[in-house]
Amino acid sequence: MSRTRTASTIDVVANGESHTIPDGQTLAGFLAARDLDPDVVVVERNGEIVPRSRFGELRLETGDRLEVVHFVGGG
Amino acid sequence: MSGEAVTTERASEVGGMTIGGRTFGSRLILGSGRFDSPDTLVRCVETSGAEIVTVAVRRVSLDRADEGGLLRHLEGTGVMILPNTAGCYTAEQAVRVARLARAAGLSEFVKLEVIGDERTLYPDVVELVRATRTLVDEGFVVLPYTSDDVVVARRLEEAGAAAVMPLASPIGSGLGVVDPLSLRFIRDAVAIPVIVDAGVGTASDATVAMELGVDGILMNTAIAMAEDPVKMARAMRLAIEAGRLAFEAGRMPRREWARPTSPDEGRVGE
């Protein structure tokens, strides 16, 4: 987990659960901290899909609501 | 004949199907759910000859790393991934999931599912037509899972669906083709491909469906839950080809009374 003791943390909601992350963390950083391959996930932020090309530049903000999805088995 | 000879891979004897401008060599679409392992799934893909494999869109686990994900396993098979909107109960939910699936960058194809009843998993056809319109407007190639209702099939075609996918019987039931007449009505009523989606339980069910003249079959549980999924995948491939060939051959008329196949004349002792 990327939880830190400094005051510079923010809370975001990802897949319905609260996550405390470093202030200024990018979406790419958020995924990397959780061992997620950015090439196989799709992310929606506050209802809008984030293009993969923007994962590296997009800084998460307090209260952001993320949906991080991928493909699983299904008919 | 040895068992090995029967399982020799060869090109399909029957032509493939064209959906949304893309031609596929196999008439079998395989669902990827409920397999005991990714390895079994991949072997069933290869053995069935399927060139389209459906997948579902779900949240990743943020607490523990998922190992690689399903796509990594299917990469080497060369199949087209067909995301579904399973689990959606409104047009809005289904459209949202379809957009997420497309953002994965694989294709514009989506298997549209909008469920209206939890026990039967029958589609909510009102929401289905609405979602089809929205997604077609956004450039999706929409393959809706629908009821075996000819009027709804027409509405979906008018809404721009690339195929209609009526159920043979409830999802996961394995009851086979419950209402062949309705499937034939649909086949006759629309110009787009008709794919039977759900209900096939064993090879003869697939053949019965194909003999009605439908273009293909989407199946999952029948293969995944067979005692030997890989062998069933092979059986389904043959069953679909047999059914298609029989449809193209045109079956003999049914008659009530027997008709001898040997000549009446020249019988011994007359």
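The values are calculated or read from the model by the stated rules, or taken from the named source; none is laboratory data. It should be emphasised that the depicted structure is a prediction, and the values quoted were computed from it without experimental measurement. Positions of Cβ are generated from backbone atoms using ideal geometry, with glycine treated the same way; all protein chains shown enter the neighbour counts.
In table form, for the structure just shown:
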{"read-out": "Any hit, segment B:198-215, residues being in a helix (DSSP H, G or I), within 17 Å of B:T18 (Cβ to Cβ) and not hydroxyl-bearing (S, T, Y)", "value": "yes"}
{"read-out": "Members of segment B:69-86 that are at the interface with another protein chain (Cβ under 8 Å from one of its Cβ atoms) and modelled with pLDDT under 95", "value": "B:G69, B:L70, B:L71, B:R72"}
{"read-out": "Filter pass, A:V12 being within 14 Å of chain B (Cβ to nearest Cβ), buried (at least 16 other Cβ atoms within 10 Å of the Cβ), under 30 Å from B:D39 (Cα atoms) and aliphatic (A, V, I, L, M)", "value": "no"}
{"read-out": "Identity of the residue in segment B:46-62, facing chain A (nearest Cβ under 8 Å) and not in a strand (DSSP E or B), that ends up modelled with the highest pLDDT", "value": "B:V60"}
{"read-out": "Pair list, Cβ under 6 Å, 6 or more apart: segment A:55-75 residue within 7 Å of another protein chain (Cβ to nearest Cβ), other residue among the basic types (K, R)", "value": "A:V69/B:R59; A:V72/B:R58"}
{"read-out": "Segment B:130-166, residues that are under 23 Å from B:V57 (Cβ atoms), touching a strand residue (DSSP E or B) at 6+ places or on another chain (Cβ under 8 Å) and assigned to a helix (DSSP H, G or I)", "value": "B:A131, B:T132, B:L135, B:V136, B:L156"}
{"read-out": "Within segment B:105-128, tally of residues that are at negative phi and within 11 Å of chain A (Cβ to nearest Cβ)", "value": "3"}
{"read-out": "Within segment B:211-229, considering residues that are over 11 Å from the mean Cα position of the chain (by Cα) and away from chain A (no Cβ under 14 Å), the one nearest to B:E46 (Cα to Cα)", "value": "B:D228"}
{"read-out": "Failed criterion for B:G172 (all others in (1) more than 9 Å from chain A (Cβ to nearest Cβ); (2) surrounded by fewer than 24 Cβ atoms within 10 Å (Cβ to Cβ) hold)", "value": "(1)"}
{"read-out": "Verdict on B:E92 being at pLDDT below 95 and charged (D, E, K, R)", "value": "no"}
{"read-out": "Selection count, segment A:54-74, where residues are part of a loop (DSSP other than H, G, I, E, B) and either at pLDDT below 95 or of a type outside the set (G, A, S) (or both)", "value": "7"}
{"read-out": "Single residue of B:R102, B:R43 found to be more than 7 Å from chain A (Cβ to nearest Cβ), surrounded by fewer than 22 Cβ atoms within 10 Å (Cβ to Cβ), touching a residue at least 40 places away in the same chain (Cβ under 8 Å) and farther than 22 Å from A:G16 by Cβ", "value": "B:R43"}
